[in-house]
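Quick notes on the structure that follows.
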Amino acid sequence: MSKDTLMSTYGRLPVTFVRGEGAWLWDTEGQKYLDAFSGVAVCNLGHAHPVVSQAICDQAQQLVHTSNWYGIANQKKLADELIRLSGMDNAFFCNSGAEANETAIKIARLYGHKKKINDPVIIVTENSFHGRTLATLSATGNRKVQAGFEPLVKGFIRVPFNDLDALNTLAENNKNIIAILVEPVQGEGGINIPDEDYLSAVRKLCDQNEWLMMLDEVQTGMCRTGKWFAFQHDDYKPDVMPLAKALANGVPIGACLARGVAADILQPGNHGSTYGGNPLATSAAIATIQVMEENKLADKALALGQKMLGAFHTALDNEPHVKEIRGKGLMLAIELDCPCFELVAKALEQKLLINVTAERVIRLLPPLTISDSEADMIIDQVVSLIKNYLSDIAPA
Ligand SMILES: *Cc1c(COP(=O)(O)O)cnc(C)c1O
């Protein structure tokens with residue numbers, strides 16, 4: 001690998017992929033791998049999905065980029081689709097999850113200033129992840145992401161995730177709060193699923209205090225958890241919803257959806273993006289949505305996720321070092337009571353792509369299109385990897 005010409009921002013695994021199809025990838029040696037990670041919940045339709053690839057080819061031959069100074073038909077169409085599916089009011093398009101969150105943060109601050117709050121504060125949570133730009137790493141609840149980049153962006157106040165008392169205390173004591181930014185399920189933080197009533201209680205608190213509820217669905221959105229968007233498991237809507245990752249199945253795009261008062265905050269000159277929502281990226285997103293809808297992938301993710309979760313429980317519940325098995329749709333986690341980063345390399349040797357996050361959480365984010373037999377292969381391989389690993393570190 002050309003280590004010298006690439007900044008060493010990633011501890012890369014020793015493999016390079018050249019081709020993909022569905023849940024499968026092939027490396028430079030022609031070896032085949034089963035993908036249970038989807039490029040971090042991006043390729044929800046699997047690799048090189050023919051409908052998306054065709055849309056990209058067709059659009060590339062017609063028009064790749066113009067500018068947001070002109071109308072972009074695909075962008076309007078994509079906004080209409082996202083609004084129809086989410087019940088939000090409008091959308092701003094950018095190129096990544098961090099930018100989608102930056103948009104949310106800017107909406108919140110402008111909203112605060114409109115309410116004559118000169119030092120607006122946004123509530124964020126511990127173990128959250130919102131991106132790598134300065135504002136979004138400041139919002140992120142992980143010291144590793146922030147260390148060395150101080151001074152951090154001000155205007156964030158942190159509370160434990162899933163802690164309503166902490167929010168109630170802030171509501172009573174801090175009049176500068178204008179919004180909360182929270183993931184419906186914390187992804188990078190370890191697939192942390194809040195109590196069933198947490199998010200609807202956050203919604204109520206936001207209503208009572210005129211805070212914007214900003215739900216970072218960058219990882220959970222686009223059918224991953226078994227609904228189009230994770231909030232749809234419950235009976236509420238956020239005011240602001242950043243999206244990215246799976247939105248165009250791998251073509252870079254981000255979006256910030258807004259509703260009600262939040263939808264009218266940004267005005268000409270407030271915000272922008274040169275590439276944001278260009279004809280190429282939006283054509284891929286439209287095709288992605290079409291495939292998800294035609295194949296009812298939200299329902300499929302819900303059912304298959306439940307099945308996989310059940311299989312992991314059956315196989316691993318009696319393992320003493322398995323702390324918890326949890327998931328929502330096809331966002332699955334097996335938490336051990338010990339660090340297990342090594343499992344990623346061990347899985348790779350067996351031609352399986354998995355992820356470990358938060359040090360001890362095995363995170364599985366397979367394509368939503370996987371077949372039952374592919375799901376079984378993932379289950380069998382992951383179970384035996386974990387059993388072997390645990391017997392190695394803690395011989396009976
Ligand atoms: C991945 C992720 C981001 C950052 O997205 P980028 O496209 O890498 O900027 C933000 N929020 C959440 C919840 C994510 O999972």
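The values are calculated or read from the model by the stated rules, or taken from the named source; none is laboratory data. Owing to the predicted nature of the structure, the values given are computational and were not obtained by experimental measurement. Reconstructed Cβ throughout: ideal geometry from the backbone, glycine too, with neighbour counts over all protein chains shown.
Of the residues making up the range 209-221, those that are in a loop (DSSP other than H, G, I, E, B) and within 19 Å of Pro242 (Cβ to Cβ) are Trp211, Asp216, Glu217, Val218, Gln219, Thr220, Gly221. Of the residues making up the range 263-279, those that are farther than 17 Å from Glu99 by Cβ and either buried (at least 17 other Cβ atoms within 10 Å of the Cβ) or within 16 Å of the ligand (Cβ to nearest atom) (or both) are Ala263, Pro279. So which of Leu266, Leu257 is modelled with pLDDT of 95 or more, aliphatic (A, V, I, L, M), closer than 24 Å to Met213 by Cα and in a loop (DSSP other than H, G, I, E, B)? Going through Leu266, Leu257 in turn, just one is modelled with pLDDT of 95 or more, aliphatic (A, V, I, L, M), closer than 24 Å to Met213 by Cα and in a loop (DSSP other than H, G, I, E, B): Leu266. Basic (Lys, Arg) and more than 26 Å from Leu164 (Cα to Cα), is that true of Lys106? No; evaluated as a whole, the condition is false for this residue.
Please verify whether the range 326-341 includes one or more residues that are part of a helix (DSSP H, G or I) and surrounded by fewer than 23 Cβ atoms within 10 Å (Cβ to Cβ). So far as the range 326-341 goes, no, none of its residues is part of a helix (DSSP H, G or I) and surrounded by fewer than 23 Cβ atoms within 10 Å (Cβ to Cβ). Looking across the range 67-108, the residues that are within 26 Å of Thr133 (Cα to Cα) and of a type in the set (S, T, N, Q) come down to Ser67, Asn68, Gln75, Asn90, Asn95, Ser96, Asn101, Thr103.
The residues in the range 216-230 that are more than 13 Å from the ligand (Cβ to nearest atom) and crowded, with 24+ Cβ neighbours inside 10 Å can be counted, and the count is 2.
Tally the residues that are away from the ligand (no atom under 15 Å from the Cβ) and in contact with a Pro (Cβ under 8 Å, 6 or more places away or on another chain), restricting the search to the range 112-138. Adding up the residues that qualify gives 2. Does Ala147 satisfy being away from the ligand (no atom under 15 Å from the Cβ) and farther than 22 Å from Lys245 by Cβ? Yes; evaluated as a whole, the condition is true for this residue.
Residue pairs whose Cβ atoms lie under 7 Å apart, sitting 6 or more positions apart in sequence or on different chains, and linking a residue in the range 29-56 that is touching a residue at least 60 places away in the same chain (Cβ under 8 Å) and surrounded by fewer than 24 Cβ atoms within 10 Å (Cβ to Cβ) to a partner that is polar (S, T, N, Q) and part of a helix (DSSP H, G or I), are Val51/Gln290; Ile56/Ser283. Restricting the search to strands (runs of 3 or more DSSP E) fully inside the range 120-193 and requiring at least 1 residues that are polar (S, T, N, Q) and surrounded by 24 or more Cβ atoms within 10 Å (Cβ to Cβ) gives 121-125. Taking the conditions (1) of a type in the set (D, E, K, R); (2) crowded, with 21+ Cβ neighbours inside 10 Å; (3) away from the ligand (no atom under 15 Å from the Cβ) in turn, Glu102 satisfies each one other than (3). In the range 206-223, the residues that are within 14 Å of Asn249 (Cα to Cα) and touching a residue at least 12 places away in the same chain (Cβ under 8 Å) form Cβ pairs under 9 Å with partners that are within 15 Å of the ligand (Cβ to nearest atom) and among the hydroxyl-bearing types (Ser, Thr, Tyr), at six or more places apart or across chains, as follows: Val218/Ser96. When we screen Ala246, Ala315 for residues that are in a helix (DSSP H, G or I) and within 15 Å of the ligand (Cβ to nearest atom), the only hit is Ala246. Scanning the range 194-208 for residues that are closer than 15 Å to Lys227 by Cβ and either more than 16 Å from the ligand (Cβ to nearest atom) or assigned to a loop (DSSP other than H, G, I, E, B) (or both) turns up Glu196, Ser200. Can Ala108 be described as within 16 Å of the ligand (Cβ to nearest atom), more than 26 Å from Ala284 (Cα to Cα) and within 24 Å of the chain's Cα centre (by Cα)? When the stated conditions are applied, Ala108 passes them. Collect the residues in the range 17-40 that are within 21 Å of Val356 (Cβ to Cβ) and not aliphatic (A, V, I, L, M), keeping them in residue-number order. Answer for the range 17-40, where residues must be within 21 Å of Val356 (Cβ to Cβ) and not aliphatic (A, V, I, L, M): Phe17, Asp27, Tyr33, Asp35, Phe37, Ser38, Gly39.
Against the condition within 14 Å of the ligand (Cβ to nearest atom), under 22 Å from the mean Cα position of the chain (by Cα), farther than 30 Å from Ile286 by Cβ and among the small types (Gly, Ala, Ser), how does Gly141 come out, does it pass? Against the criterion (within 14 Å of the ligand (Cβ to nearest atom), under 22 Å from the mean Cα position of the chain (by Cα), farther than 30 Å from Ile286 by Cβ and among the small types (Gly, Ala, Ser)), Gly141 qualifies.
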